[in-house]
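So the structure is just underneath, and the comments pick up after that.
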Amino acid sequence: MRTTVIGSYPFPGWLEFASAHLDQFGPDDIREMQDDAVRCAIHDQLSAGLDVITDGEQTRLDFNLSFYGYLSGIDRESAPARRFGPPAHDQRGRHAITGELSAPRGLGVVEEFERLRRLVPRDCSAVLKASVPGPYTLSGRLIPNERYPDRWAITEALLPLVAAELEALVTAGCREICVDEPSMSCYGWREDPERFADIFNRTVSGVQQRCRLSTHLCFGSYKGRAVAPRAYAPLFPAFLALKVDEIHLEMANREFAEIEIIRQIVDAGKHVAVGIIDVKNYYVETPEEVVRRVKLCLRHAPPEALSFAPDCGFSQTARWAAYQKLVNLVAGVRSLT
């Protein structure tokens, strides 16, 4: 039973401060800060004892917003619809499309992976994982126009760009990739899940047999808030057709509702990464509680088909809590293996 993470980890406090004052730093200073922040994420994950680690997404802004900086054909100035009041998704801006969508420099994930590989200790035995937002999720902050009249058209334009990044990652030596499509799980209750599955499968078709491929399905975690009815039922059985080795589900913050769905996934020949640590709660789960949660999962699926993880990324959880949650996650799982 592996222990893994989704992708993001909290920024060190100094990096968050520096990010607000980048005009005071030179390019070499910034590269040094980025390396040091990734070293912090690597240290915490390896110290916790995880089997699978990432770079903590230390050079990204809010999971996917940084990717728009790599796209040509958009207006990068993005004004949010609402600036004040309680935090929510409408406080993040949307980009106007001004031309043909392209990514002449790629999407930047290859550089992230190569930095991670360069900075891990030489004796590191953990698997190195990269995460890439899927085209439907990436389309969500782009405004349709005459050329791309709706979100589906934007998604189709982004699909080959994401596919090319996946291909480049595998060529660079990445052997574990998560294609994050939280927007699919957020809107599966009102959209066509079979169409989602087709989009996903066409995105990953070039790398499907060449790496361990997973996807992360959640209901949104911006400022700790979901944006959709938190139910997986509308996605299944359509999502059993996803061409992945592993499907990650958030369960902890949903009190393990629909836990029986992991049996369907395993019966379809896939592994399941179960989110058993709540990233939206500052209650730190004890190792004993982790054991109880793992045993609940084992009622529905065999251990060889299971991995255990936090519900989502940790970017919006304080580092002290994120680290202790990871430590206790590993301690609880290892006590059963």
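The values are calculated or read from the model by the stated rules, or taken from the named source; none is laboratory data. All figures in this text were calculated on a predicted structure; none of them were measured in a lab. Note that we place each Cβ from the backbone using ideal geometry, even for glycine, and neighbour counts take in every protein chain shown.
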* Structure fact -> Leu128: passes all of (1) surrounded by 15 or more Cβ atoms within 10 Å (Cβ to Cβ); (2) within 13 Å of Phe67 (Cα to Cα) but (2)
* Condition test on Tyr323, is it assigned to a helix (DSSP H, G or I) and more than 25 Å from Glu191 (Cα to Cα)? -> yes
* Asked: Got a sec? Which of Cys124, Cys178 is within 17 Å of Val5 (Cβ to Cβ) and either part of a loop (DSSP other than H, G, I, E, B) or of a type outside the set (A, V, I, L, M, F, W, C) (or both)?
  -> Cys124
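Restrict the check to region 274-289 and report whether at least one residue is among the acidic types (Asp, Glu), closer than 17 Å to Pro237 by Cβ and within 22 Å of the chain's Cα centre (by Cα).
Step one: filter region 274-289 for residues among the acidic types (Asp, Glu), giving 278, 285, 288-289.
Retained after the next criterion (residues that are closer than 17 Å to Pro237 by Cβ): none.
Looking for residues that are among the acidic types (Asp, Glu), closer than 17 Å to Pro237 by Cβ and within 22 Å of the chain's Cα centre (by Cα), one finds none in region 274-289, hence no.
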* Is region 145-153 home to any residue that is crowded, with 18+ Cβ neighbours inside 10 Å, closer than 28 Å to Val5 by Cα and at pLDDT 95 or above? -> no
* Could you tell me whether region 52-66 includes any residue that is at pLDDT 90 or above, hydroxyl-bearing (Ser, Thr, Tyr) and surrounded by 13 or more Cβ atoms within 10 Å (Cβ to Cβ)? => yes
* To do: Kindly establish whether Cys218 is more than 24 Å from Arg115 (Cβ to Cβ), crowded, with 20+ Cβ neighbours inside 10 Å and touching a strand residue (DSSP E or B) at 6+ places or on another chain (Cβ under 6 Å).
  => yes
* Hey, Thr203 modelled with pLDDT of 95 or more, of a type in the set (Ser, Thr, Tyr) and at negative phi or not -> yes
* Asked: Filtering region 112-125 down to residues that are modelled with pLDDT of 95 or more and charged (D, E, K, R), which residue is surrounded by the most Cβ atoms within 10 Å (Cβ to Cβ)?
  -> Glu112
* If we scan region 242-257, do we find a residue that is outside any loop (DSSP other than H, G, I, E, B), of a type outside the set (A, V, I, L, M), in contact with a helix residue (DSSP H, G or I) (Cβ under 9 Å, 6 or more places away or on another chain) and over 19 Å from Cys312 (Cα atoms)? -> no
* Filter result for Gly140 (under 24 Å from Glu111 (Cβ atoms), small (Gly, Ala, Ser), modelled with pLDDT under 95 and over 14 Å from the mean Cα position of the chain (by Cα)) -> yes
* Structure fact -> Contact list, first residue from region 79-92 and touching a residue at least 12 places away in the same chain (Cβ under 8 Å), second anywhere and not in a loop (DSSP other than H, G, I, E, B) and not acidic (Asp, Glu), beta-carbon distance below 6 Å, six or more apart or interchain, is Pro80/Gln91; His89/Tyr222
* To do: Select, from Arg202, Arg210, Arg190, Arg141, the only residue that is in contact with a helix residue (DSSP H, G or I) (Cβ under 8 Å, 6 or more places away or on another chain), more than 20 Å from Asp245 (Cα to Cα) and not hydroxyl-bearing (Ser, Thr, Tyr).
  => Arg141
* In region 93-111, residue modelled with the highest pLDDT [restricted to those that are among the charged types (D, E, K, R) and part of a loop (DSSP other than H, G, I, E, B)] -> Arg105
* Structure fact -> Pairs returned, first residue in region 322-334 that is modelled with pLDDT under 95 and of a type in the set (Lys, Arg), second residue that is crowded, with 24+ Cβ neighbours inside 10 Å and in a helix (DSSP H, G or I), beta-carbon separation under 9 angstrom, 6 or more apart or interchain, are none
